[in-house]
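Everything on this sheet refers to the single structure shown next.
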Amino acid sequence: MDNNGKRVALVTGATGGLGTAMCQQLQKDGYRVCAHYRNPDKLKEWQEKMKAEGFEFDCFYADVSDYNSCGEMIKKIESEVGPIDVLVNNAGITRDKPFHKMTYEDWDAVLKTNLYSVFNCTRHVIEGMRERSYGRIINISSVNGQRGQFGQANYSAAKAGMHGFTKTLAMEVASKGITVNTISPGYIATDMVMAVREDVRNQIIAQIPVGRLGGTEEIAYLVSFLASEKASFITGANYSINGGQHVY
Ligand code: NDP
């Protein structure tokens, strides 16, 4: 498949706050970017917004909590666009509740969307990457997967699980030119965080030594670097981007 020498990058959860910044940065870097979406209504509006900002992406549907749905999406991308060189496992949800009120459904939905999704997508790209001896897998975890957080037993468990996955897969595929890394963002100025009541948001900011929320583009810059050929000696690593909120 001729992509004019461009590498192909797939970003899951592309229509969200962080996903959008990642797609834009990767396109600026010269990738052919495949933007994954779930909600078709949201997609149309997003595509129009992207066009107005000068970006155009190939968009593909999947429910990332479903193994076969991810398989179908990746098959479609590889036949219509080309082999995937970079996979950013970014889609995620929260269903926050204190543990004594957390239902099985809250647990199940968060584990399936945030952790099983990583298996579901990575499993379908890994053999191709091994055959081509090149790949970049970037998993988006969270500061709350490193340190825990009230009301997030499900989310913290899923995000913490990504670290074990990353380290193991990194060892298994290192000799094949494939790197696997995790990024753990702290609080980033996405719609979700900006919708938090101002006084609560200010309390959060007060816990961040840098004194502000992170920008979506700051996460995207690191994705850009880890996706690049320059980052070939970085694998099995976790990068905290949290303004000093959690240091260890
Ligand atoms: P958003 O809620 O803005 O975006 C999440 C994306 O995931 C959406 O595109 C959503 O699609 C998609 N998604 C959710 N469930 C599914 C599913 N079952 N199948 C397919 N797609 C799905 O989140 P952010 O951009 O803020 O976060 C992106 C990632 O970064 C997440 O993994 C999050 O946990 C992590 N993170 C975010 C932080 C922040 O401060 N924002 C901090 C630390 C980590 P749709 O809209 O169609 O449902």
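Below are the figures for this structure:
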quantity	calculated
Leading residue by the ranking (least open to solvent (accessible area, probe 1.4 Å)) among those in the stretch 94-119 that are in contact (Cβ under 8 Å) with a residue 60 or more places away in the chain and within 10 Å of the ligand (Cβ to nearest atom)	Ser117
Subset of the stretch 22-40 that is open to solvent by 30 Å² or more (accessible area, probe 1.4 Å) and under 16 Å from Ile77 (Cβ atoms) - its residue that is farthest from the ligand (Cβ to nearest atom)	Arg32
Test: residue in the stretch 41-56 that is surrounded by 12 or more Cβ atoms within 10 Å (Cβ to Cβ), more than 8 Å from the ligand (Cβ to nearest atom) and under 25 Å from Tyr116 (Cα atoms)	no
Which listed residue, of Ala158, Ala153, is open to solvent by 10 Å² or more (accessible area, probe 1.4 Å), among the aliphatic types (A, V, I, L, M) and in contact with a Phe, Trp or Tyr (Cβ under 9 Å, 6 or more places away or on another chain)	Ala153
Residues satisfying the stated conditions in the stretch 1-21, i.e. open to solvent by 10 Å² or more (accessible area, probe 1.4 Å) and either touching a His at 6+ places or on another chain (Cβ under 9 Å) or within 6 Å of the ligand (Cβ to nearest atom) (or both)	Gly13, Thr15, Gly16, Gly17, Leu18
Condition broken by Ser65, with the remaining ones in (1) open to solvent by 90 Å² or more (accessible area, probe 1.4 Å); (2) within 19 Å of Phe119 (Cβ to Cβ); (3) near the ligand (Cβ under 8 Å from one of its atoms) satisfied	(1)
Within the stretch 148-248, helices (runs of 4 or more DSSP H) holding 1 or more residues that are more than 13 Å from the ligand (Cβ to nearest atom)	153-173, 198-206, 216-227
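The values are calculated or read from the model by the stated rules, or taken from the named source; none is laboratory data. As the structure is a computational prediction, the values presented were derived from the model and not from experiment. Glycine also receives a Cβ, built like all others from the backbone with ideal geometry; neighbour counts cover every protein chain displayed. Side chains are part of the model used for accessible areas, which takes the heavy atoms of the whole protein and leaves out ligands, DNA and RNA. Shrake-Rupley method; radii C 1.70, N 1.55, O 1.52, S 1.80 Å.
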